[in-house]
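For reference, the structure is listed below as structure tokens.
The values are calculated or read from the model by the stated rules, or taken from the named source; none is laboratory data. Just so you know, these numbers come straight off a predicted model, no measurement behind them. For neighbour counting, all protein chains shown are included, and Cβ atoms are generated from backbone atoms with ideal geometry for every residue, glycine included. Keep in mind that these areas ignore ligands, DNA and RNA; they rest on the heavy atoms of the full protein, side chains included. Shrake-Rupley method; radii C 1.70, N 1.55, O 1.52, S 1.80 Å.
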Amino acid sequence: MKIDVHFSPSSIDELSLKEKVCIVIDVLRATSSIATAFSNGAKEVFPVNTVAEAGKIASNTFGGIVLAGEKNGVIIEGFHLGNSPSEYTEEKVKNKTVVFTSTNGSNAILKTRFAKISLLASFLNIGKVSNFLVEKNSDFTIICAGKNNLFCVEDTVCAGMIISFISETIDVELTDSAVAALVLYKNFGHNILDTLKNCEHGNFLCEIGFENDLTVCSSCDLLSVIPIYSNNSIKNFERKDNL
Ligand code: MLT
């Protein structure tokens with residue numbers, strides 16, 4: 001099994017992902033919030049790149065829509081939810097369609113629109129996603145959302161944790177970037193919360209009052225969901241999907 005890692009989506013040509021199994025990671029906080037939404041019964045999530053697109057979908061749809069996401073870390077004016085996982089409660093999202101936009105996460109997800117399979121991972125659902133990949137036993141590419149099209153520590157450490165887990169059971173061939181992710185995980189993985197507190201985006205979130213989100217996003221393997229992006233929307237993977 002060959003594993004590759006992109007530290008940010010910036011240099012990815014989306015057509016190059018056409019035949020690939022992709023894993024998108026935005027620990028702080030998009031893929032953590034989306035995993036939480038599915039864990040609390042959301043029907044589907046539509047990722048979009050701009051606030052205008054989100055508004056357009058909402059105005060063309062009758063009822064049942066939750067507008068969610070952030071700009072500069074905070075809830076967008078007129079939206080129902082921001083980007084803190086704790087906002088995505090059963091009361092707010094159960095059986096609802098969520099339209100989601102964020103600074104880096106939604107862009108990374110949309111980059112995988114042509115992928116054969118695109119799954120969303122975070123520390124919260126890392127066990128479920130890793131087990132799926134072990135069962136699937138085929139090559140895959142991890143796409144870290146990064147920060148402003150650059151590398152970020154937290155997504156790369158999460159990528160390294162997935163690689164570490166899989167390489168315990170399967171022979172893996174790693175690209176140089178996958179080796180680097182694994183090394184970072186070995187260095188920073190022993191205390192995820194500390195890692196989130198000390199990274200650039202974690203610092204920013206603390207400054208604007210979201211320190212609690214770091215605690216929530218640092219929990220490993222808490223949620224039994226596999227968000228899967230296909231045909232423009234994200235749904236929770238079910239066995240019957242037969243991928
Ligand atoms: C993003 O997509 O850039 C993030 O999820 C930002 C955040 O809300 O922390």
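Miscellaneous remarks
- In a reduced charge model with +1 at each Lys and Arg Cβ and -1 at each Asp and Glu Cβ, the chain shows a dipole moment near 660 debye about its Cα centre.
- Degrees between helix 153-167 axis and first principal axis of the chain (Cα, 0 to 90, nearest 10): 50
- In the full protein context, region 2-233 carries 43 Å² of accessible surface per residue, based on a 1.4 Å probe and ignoring ligands, DNA and RNA.
- Nearest-ten-degree value, helix 176-188 long axis tilted from longest Cα axis of the chain: 80
- Taking N as its residue count, the alpha carbon Rg of region 1-93 over 2.2 N^0.38 Å: 1.23
- Each Lys and Arg Cβ is given +1 and each Asp and Glu Cβ -1; about its Cα centre, region 1-101 then shows a dipole of about 180 debye.
- Relative contact order, whole percent, for region 98-243 stands at 35, derived from Cα pairs under 8 Å and 6 or more residues apart.
- For region 87-148, the gyration tensor built on C-alpha atoms gives an oblate shape. Its axis ratio a/c (a ≥ b ≥ c) is at least 1.5, and a/b is not larger than b/c.
- With Cα atoms, 0 to 90° folded angle of helix 126-136 axis to the chain main axis: 60
- Across the options I25, I234, G127, the greatest Cα extent toward the positive end of the charge dipole of the chain (unit charges at beta carbon of Lys, Arg, Asp, Glu) belongs to I234.
- Note on region 43-178: with charges restricted to the Cβ of Lys and Arg (+1) and Asp and Glu (-1), its dipole about the Cα centre is near 560 debye.
- Formal net charge of residues neighbouring E173 (Cβ-Cβ distance under 12 Å; K, R +1; D, E -1): -3
- The alpha-carbon of K43 sits under 18 angstrom from the alpha-carbons of these aspartates and glutamates, leaving out residues fewer than 8 places away in its chain: E87, E90, E91, E238, D241.
- Convex hull of region 187-243 built on C-alpha atoms - directionally averaged projected area, nm²: 6.0
- Expressed as a fraction of 2.2 N^0.38 Å, the C-alpha radius of gyration for the chain is 0.93.
- Considering only C152, G69, L182, the residue lying farthest towards the positive end of the dipole of region 2-233 is G69, judged by Cα position with unit charges set on Cβ.
- Filter on K94/K235; K136/K186; K2/K116; K116/K186; K94/K128; K96/K235 - keep pairs with C-alpha separation over 23 Å: K136/K186; K116/K186
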